[in-house]
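Structure first, commentary second.
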Amino acid sequence: MKLERLRAIAIGVALLLIWELVGRLAGRLLPPPSEILAQYWRDRDVFPAHIWATTRSAAAGFLLGNAAAILAAIAFCRFPLLEQLFRGVNIALFTVPAIVIGPIFVLVFPGDLPQIVLAAVLVYFPTMAAMLVGLNEIDPRLSDLVRIYGGREAALMRFVRLRSSLPSLLAGLKVAASLAVLGAILGEFGSGVRWGLGTFLLGSLSQGDAPRLWSIGLAATGLAMIGYGAFALIGAKTTGATKAVTLANKLPDRLGDRAGRRGGAQRLAILLAAILTPFVLWEALIAATGLSPIIAPGPIETLSYLFVSPDSAAARATLLNAVGETLPIAALGLVSGLAAAFLLASFTVLQPRLARLVLPVALVAQNIPLVALTPIVLLLFGRETLASVFMAVLVVFFPAYVLLSQGFALTPHAARDLVRAYGGGRFKELRLIATPYSISYLFAAAKLVAPQALLGVMVAEWLLSGRGLGNLLNVSRGNLDYDMIWAGAMVSILISVAAYQSVAALERLWR
Amino acid sequence: MNSLTRRQFAKAVGAGLGGAATGVFGLGGAGAADALNFQSVWLNDPEFLGYMIAIDNGFYAAEGLSVNYMPGGPNIIPEGALLSGKADIALTNILTTAKAVVDKGAPLVIIGTQYQKSPAGVISLASANIKGPKDLVGKTVACPPLSRNVFDAMLKIAEISADKVRVVPYTFDPTPLIEGNVDAVVDFVTQIPFLVEQKSGKKASYFLFWDVGLPLYVDLVVVTKDTLKAKRAQLVKFLRASRKGWDENFADPKKYPALYENTWFKGLGSSPEAELYFNETQRGLMETPKGVYYMSDDGISRNIEALARFGEKVNRDLFDTSLFAEV
């Protein structure tokens, strides 16, 4: 163990030295660590205030979003019909582009609330989804026990579900912690607050000052990693409990296996209600906030903009064209990102030592604000398809990696030992045990990141290529064309929902 | 837009103002008669020195005003802040304001302009020899999506077909220009030329959109028609005190960038040298013999003509020049 730690430190130092060397040669784009450190020293009187502001917003958003997520997960587990009705809303919350909600939050919420709410919105879905898996994925022996003693659903929830959801919840909270930081920074970047790392980033962007951009980016990464690390630690300390060997394969299909027992007409009614719910909420929210339809058109305005108004044909053509450019790249990014995540997660079985090294690199890559990375991505991948795919992989990879390694880690030891007892190596273990056991985590990861791939490509289009849906939304912004922005957002959400449901359908086929 | 949309708009605006007035979302803000919420368009930089000086030197207070200055950012839509009642006064871009008024029937009115000449232009390295739109043929230009409409209009005026220039996104970071990834960037000329020269050691050059057929105002002082009616006296006072702030600033352009280094500008990534360059460059774009904010008949007609190039037919009554007599 000691030797291993020494080796890890040695590799870490070697990586830093390589970075230093490359940084000195690469000039302006990749500043060496020494220059970044010097920058921290020069900015030492402003960093504390910026970091404090971001920490406050991220923490508040984290609490708010997770409280909502946990309550929602319990409600959805208890009343599966509710989960079905709100599925569209859940995915919409997770996939609504920041360019649409950012300006709305700034108008509706005072003070620091815009960035707090944005952080909460980003946090909600991953935690809710992870918690729901945990609540549903219970050891059948325990539930039988409760039932034998006459316990009903409430007792099951209290004695079994809540406890067994803990490992899943903690895995969700790990991801949520880094997303909360990202959301807070994204909010600060847009809403013109005085302090915060996002504000610092925006102000520094125009100065062409790479060491400062990196120092801000790495400070953001550090914050996210502290959050991630805290929950990883709690997870490692608290979830050593034994699990039934047959467990992972029995992951219930939370896309409605209970609804499967309903009649056809009933299912159709539920489906229609699930589709209508987000639109009804959309209309209700706009009515409640009283926002001008110039910046916040309702569903009826948006649909009539696309299908009824005199210019609807042109609007549709523009939108379809942009979606056509964006969609294939997003699909490619999704598949590549999942493949990369699977490969690296499999290292946790094949090469556990290497896996421990990968995690910090993955965390840095995940949490460094994309705008700070843009000059390097531009240098390495240009402005075209490759750059967009790379950005999508960057966004997709990390959450998928976390979920997959969680799946691998929860593989029953008894099953692994069996392979070893028969002389099987680690590859056999991966192929025969770890992969089949964690397949439901692969599907869960795909569902979680499919919408994110689309957002990642849209960011790349906005920052680099100037094509597709991401660019269309931003150009429309310059024309104050919020009809187009909301139409584009609606289409991107619908695509995300479709991607989510396709993965769910694939999962059902698999079983 | 068709009349249906406009009716819905009027209805919802009414609801919006009602909501703000009752303070449901805590945005009603301006409780006392002399309090004004002022929505800026960007983070604190020398573009807004006049307001900062008027606040710090008590120019607003001397007029009996209490001005709540709200910085802007990419998510701030000044027109939205006015329509939702979050702000009484906002700085806007003439194109988006014209679109809101003409296309969507927003009840907004322009009562002054901060810049007589928009500082937006095309910036390049002097070695690239880009002196006007025609020199952009075959080049790659980084343009923020928000300014794409202006850039395209410039090409149209110069009769250059859009496919002759490769336009890529610009994210306010001049590094690609310094590194040679792009030949030119579209940005405010009050800042980027200095930074490019500072970072690259090479000479920068630029031309303004204003000089190539787009004589647009920018950072227009805009209010809703209701505000103009209800708070006319305060608006006059606001213009007077803000103008005094700008006059104070230009009396010694070196003074305030240095003075505000550790207050207004602290921790926002800029340097005193860059802010000084900004302040000295913007002076010629703002000052006019009739005083800052003045809009001449000639200037207004030129803006109306330029807006027509974007397909926006605005009426003269989008501009209200009646306040200047009282300022």
Given charges at beta-carbon only (K, R positive; D, E negative), |dipole| of the range A:45-289 in Debye: 980
Taking the Cα centre of each part, how many Å lie between the range A:143-183 and the range A:382-419? 23
How large is ³J(HN,Hα) for each residue in the range A:170-186, as worked out from phi by the Karplus curve 6.51 cos²θ - 1.76 cosθ + 1.60 (θ = phi - 60°), to whole Hz, x for Gly and Pro? 5, 5, x, 5, 4, 5, 4, 4, 6, 5, 4, 5, 4, x, 4, 5, 4
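Assigning unit charges at the beta carbon (Lys, Arg +1; Asp, Glu -1) and nothing else, what dipole magnitude in debye, to the nearest 20, does the range A:292-511 show about its Cα centre?
Around 1080 debye, computed over the range A:292-511.
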State, as an integer percentage, the relative contact order of the range A:292-511 based on alpha-carbon contacts under 8 Å between residues 6 or more apart. 31
Of B:ILE178, B:TYR206, B:LEU239, which is farthest along the charge dipole of chain B in the positive direction, counting Lys and Arg as +1 and Asp and Glu as -1 at C-beta? B:LEU239
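Over the whole of A:295-302, what's the average partner chain Cβ count within 10 Å per residue? Rounded to a whole number, please. Mind showing how you got there, number by number?
Numbers: counts 8, 4, 4, 2, 0, 1, 5, 0.
Mean partner-chain Cβ count within 10 Å for A:295-302: 3.
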Sequence order, the range B:112-118: Karplus ³J(HN,Hα) from phi using 6.51 cos²θ - 1.76 cosθ + 1.60, θ = phi - 60°, Hz rounded, Gly and Pro as x, gives x, 10, 6, 9, 6, 10, 4
With the 8 Å Cα cutoff and a minimum separation of six or more residues, chain A has a relative contact order in percent of 17
Mind checking which lysines have their Cα closer than 24 Å to the Cα of B:LYS225? Skip sequence neighbours fewer than 8 apart in that chain. B:LYS11, B:LYS86, B:LYS99, B:LYS104, B:LYS237, B:LYS313
Classified through the alpha carbon gyration tensor (a ≥ b ≥ c as square roots of its eigenvalues; rounded if a/c is under 1.5, else prolate when a/b is larger than b/c, else oblate), chain B comes out oblate
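Output the peptides A:317-323, A:221-227 sorted from most to least packed, where packing is the average of other Cβ atoms within 10 Å over each peptide's residues. Kindly include the intermediate steps, with their values, before the conclusion.
Working: A:317-323: 16.1, A:221-227: 20.1.
So the peptides A:317-323, A:221-227, ranked by packing, come out A:221-227, A:317-323.
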Peptide B:192-201 - average C-beta neighbours from other chains (10 Å radius): 2
Charge-dipole axis of the range A:45-289 as Lys and Arg at +1 and Asp and Glu at -1 on Cβ define it, positive-most pick from A:PRO103, A:ALA92, A:ALA288: A:ALA92
Virtual spin-label span in nm between A:ALA284 and A:ILE376, 7 Å along Cα→Cβ: 4.5
Short to long, in 5 Å steps from zero, the percent of alpha-carbon pairs of the range B:200-291 per bin is 2, 10, 14, 17, 17, 18, 13, 6, 1, 1, 0
In peptide B:263-275, how many Cβ atoms from other protein chains are near each Cβ within 10 Å, on average? 4
Per residue, how much space in cubic angstrom lies within the convex hull of the C-alpha atoms of the range B:187-237? 123
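Suppose R0 equals 35 Å; then what is the FRET efficiency for A:TRP510 and B:GLU197 from their Cβ-Cβ distance, rounded to the nearest 0.05?
Details: r = 61 Å, r/R0 = 1.73.
Efficiency for this residue pair is about 0.05.
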What is the distance in Å between the Cα centres of the range A:273-306 and the range B:95-144? 32
Distance histogram for the range A:362-481 (every C-alpha pair counted, 5 angstrom bins, percent rounded to whole numbers): 2, 11, 16, 15, 13, 11, 10, 8, 6, 4, 2, 1, 1, 0
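Where the only charges are on Cβ atoms (+1 Lys, Arg; -1 Asp, Glu), what is the dipole of the protein assembly as shown about its Cα centre, to the nearest 20 debye? Numbers along the way, then the final one.
Numbers: 75 positive and 61 negative charges, 650 e Å.
The dipole of the protein assembly as shown has a size of about 3120 debye.
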Grab the DSSP H runs of chain A that are 4 residues or longer, score each as -39,500 (n - 2.57), total them, divide by all residues and round the 222 nm result to the nearest 500 deg cm²/dmol. -26000 deg cm²/dmol
Pairwise label distance in nanometres, A:LEU357 with A:GLU384, each label 7 Å out on the Cα-Cβ vector: 3.5
Between A:ALA155 and A:SER143, what is the label-point separation in nm under the 7 Å Cα-to-beta-carbon projection? 1.6
Relative contact order computed over chain B (Cα-Cα under 8 Å; 6+ residues apart), in percent: 25
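By per-residue mean of other Cβ atoms within 10 Å, what is the highest-first order of B:100-106, B:231-237? Intermediate values should be presented prior to the final figure.
On the way: B:100-106: 21.1, B:231-237: 19.3.
Going by the mean number of other Cβ atoms within 10 Å, highest first, we get B:100-106, B:231-237.
Need one number: convex hull volume per residue for the range A:45-289, Cα atoms only, in Å³. Walk me through the numbers on the way to the answer.
Numbers: hull volume 37.0 nm³, N = 245.
Considering the Cα atoms of the range A:45-289, their hull volume per residue is 151 Å³.
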For the range A:42-54, Karplus couplings with θ = phi - 60° (6.51, -1.76, 1.60), whole Hz, Gly/Pro x: 5, 9, 5, 7, 10, 4, x, 5, 5, 5, 4, 4, 5
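For B:ASP56 and B:ALA325, compute 0.36 nm times the residue count separating them, minus their Cα-Cα distance, and round to one decimal in nm.
Numbers: separation 269, 0.36 × 269 = 96.84 nm, distance 2.62 nm.
Between B:ASP56 and B:ALA325, full extension yields 94.2 nm more.
Would you list the membrane-span-like helices of chain B, meaning whole DSSP H runs whose alpha-carbon atoms span at least 20 Å along their axis and whose mean Kyte-Doolittle value is at least -1.0?
B:3-22, B:232-251, B:272-286
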Rank by packing, highest mean first: peptides A:125-133, A:54-62, with packing defined as the count of other Cβ atoms within 10 Å averaged across residues. A:125-133, A:54-62
Over the Cα atoms of the protein assembly as shown, what radius of gyration and what Dmax do you get, in Å? 28.2, 96
Per DSSP H run of at least 4 residues, take -39500 (n - 2.57); add these up for chain B, divide by its residues and hand me the 222 nm value, nearest 500 deg cm²/dmol. -11500 deg cm²/dmol
Going by amide H atoms built from the backbone, whose H comes under 5 Å of the H on B:ASN68, apart from near neighbours? B:LEU36, B:ASN37, B:PHE38
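None of the figures in this text is laboratory data; all of them are computed from the coordinates on show. Just so you know, these numbers come straight off a predicted model, no measurement behind them. We place every Cβ from the backbone using ideal geometry, glycine too, and count neighbours over all the protein chains shown.
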